[in-house]
Amino acid sequence: MQITLARPDDWHLHLRDGEAMRAVLPYSARRFARAIIMPNLKPPITTVAAAADYRRRILAALPEGVRFEPLMTLYLTDDTPADEIRRAAGSGFVQAVKLYPAGATTHSDAGVTDLAKCDAALAEMERAGMPLLMHGEVSDPAIDLFDRERVFVEQVLQPLLERRPGLRVVFEHLTTKEAAEFVAASDGRVGATITAQHLLFNRNAIFRGGVHPHYYCLPVLKREMHREALLRAATSGCPRFFLGTDSAPHARHAKEAACGCAGCFTAASALEMYAEAFERAGALDQLEAFASFNGADFYRLPRNRGSVTLKKESWTLPAAVPYADGAELVPLRGGEPVAWKLRD
Ligand code: NCD
Ligand code: ZN
């Protein structure tokens, strides 16, 4: 059995920079035509000028003859000026602005402490139709880690949508039933990405017989009922749910540590894992819209030409691949079989 899809895009990707970027970029470029590139570098990409330089570095790192379009984003801070948003909207290569609540995840310390401080920038985004991509978790340590997405919907997202009725938002990497239902019930200006790991695994995967740090990402995997709700959303045919891997590489030593980093590296098999999730749900016929059409339509970009073919054929994901500074990178499910294989 095999399926052919219009060439897909990844609407949420961490490529890092330098040698790390050169190590991971080919996996994404082989599968996806374009990707929304997350700006959480150190220091973060907060200006159009920095985004332009980062974009050039990505293009320069592409293997010979490979075509891949990095869609750039700006990292929103408490003092992002409205002017910077105007420049971004006019740049032709910055597609969105990313909200990291300060302290919510990896490299979010420069993030937003209070959205009220971003009002001028948000007003400009609303005017320009530039989407706000949200890491949808509150960072209040008093809120239980597993409740932070639900509380974000109530305390941040809902009030923001009321205050800015024209603002377009993408709720990134959904992990809960509440968030999926909120997006499904919203109007056309609210989209959402869903990762492959949140469609395939629940939080037991992190703890079965000991701690499995490579299954730890943020927002963290949730209960089975949430996974089921996400799978229903992704396969529902609703055009506002789309593919975003959130592939987030960290060296093995940074994951397998007393205080391990959040992030799953999935770029080497993400498309194949989505196929597995959709097949198990009996919804392979919905995969193309989710992976190849819905995101482009939401971002008002043309759909891709060309196609990719996946074959139902088991292969073993490498247990580790080379990363930067001589370190290794362990893919999520490294050393284990994957049911679908990308054909050249
Ligand atoms: C991401 C990273 O490592 O940059 N980590 C993660 O667990 N997803 C940051 C993020 O998207 O939250
Ligand atoms: Zn991410």
_So Glu124, is it of a type in the set (Asp, Glu), over 19 Å from the mean Cα position of the chain (by Cα), surrounded by 16 or more Cβ atoms within 10 Å (Cβ to Cβ) and more than 15 Å from ligand 2 (Cβ to nearest atom)_ = yes
*Which of (1) closer than 16 Å to Gln197 by Cβ; (2) within 14 Å of the chain's Cα centre (by Cα) is the odd one out, the single condition Gly295 does not satisfy?*
(1)
*Taking the stretch 178-189, which residues are within 30 Å of Trp340 (Cβ to Cβ) and buried (at least 19 other Cβ atoms within 10 Å of the Cβ)?*
Ala179, Ala180, Val183
*asked:* Based on this model, can you work out whether Arg232 counts as crowded, with 20+ Cβ neighbours inside 10 Å, more than 16 Å from ligand 1 (Cβ to nearest atom) and not in a loop (DSSP other than H, G, I, E, B)?
replied: no
*Would you say Leu200 is touching a strand residue (DSSP E or B) at 6+ places or on another chain (Cβ under 9 Å) and touching a residue at least 24 places away in the same chain (Cβ under 8 Å)?*
no
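Out of everything in the stretch 88-112 that is among the polar types (S, T, N, Q) and modelled with pLDDT of 95 or more, what residue ends up being nearest to ligand 1 (Cβ to nearest atom)?
Gln95
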*What residue, among those in the stretch 161-208 that are among the charged types (D, E, K, R) and part of a loop (DSSP other than H, G, I, E, B), is farthest from Ser236 (Cα to Cα)?*
Arg208
_First in the stretch 278-289 and within 16 Å of Gln197 (Cβ to Cβ), second anywhere and among the aliphatic types (A, V, I, L, M), Cβ under 6 Å, 6 or more apart_ = Phe278/Leu284; Phe278/Leu287; Ala281/Leu231
_Meets criteria (in contact with a helix residue (DSSP H, G or I) (Cβ under 6 Å, 6 or more places away or on another chain) and within 30 Å of Ala339 (Cβ to Cβ)) for Thr175_ = yes
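The rows are residues; the columns are (1) out of contact with any helix residue (DSSP H, G or I) (no Cβ under 9 Å at 6 or more places or on another chain); (2) away from ligand 1 (no atom under 15 Å from the Cβ); (3) of a type in the set (D, E, K, R).
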{"site": "Asp17", "(1), (2), (3)": "no, no, yes"}
{"site": "Arg22", "(1), (2), (3)": "no, yes, yes"}
{"site": "Ala35", "(1), (2), (3)": "no, no, no"}
{"site": "Pro43", "(1), (2), (3)": "no, no, no"}
{"site": "Ala49", "(1), (2), (3)": "no, yes, no"}
{"site": "Asp53", "(1), (2), (3)": "yes, yes, yes"}
{"site": "Leu59", "(1), (2), (3)": "yes, yes, no"}
{"site": "Leu62", "(1), (2), (3)": "no, yes, no"}
{"site": "Val66", "(1), (2), (3)": "no, yes, no"}
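Could you pull out every one of the helices (runs of 4 or more DSSP H) wholly within the stretch 241-333 that has 1 or more residues that are over 20 Å from Glu172 (Cβ atoms)?
It comes to 252-255, 270-280.
If I filter the stretch 1-47 down to residues being among the charged types (D, E, K, R) and more than 16 Å from ligand 2 (Cβ to nearest atom), which single residue comes out as farthest from Ala275 (Cα to Cα)?
Across the stretch 1-47, the extreme among qualifying residues is Glu19.
The values are calculated or read from the model by the stated rules, or taken from the named source; none is laboratory data. For clarity, every value in this text was computed on a predicted model and none was experimentally measured. Ideal geometry is used to build each Cβ from the backbone, glycine not excepted, and the neighbour counts take in all protein chains shown.
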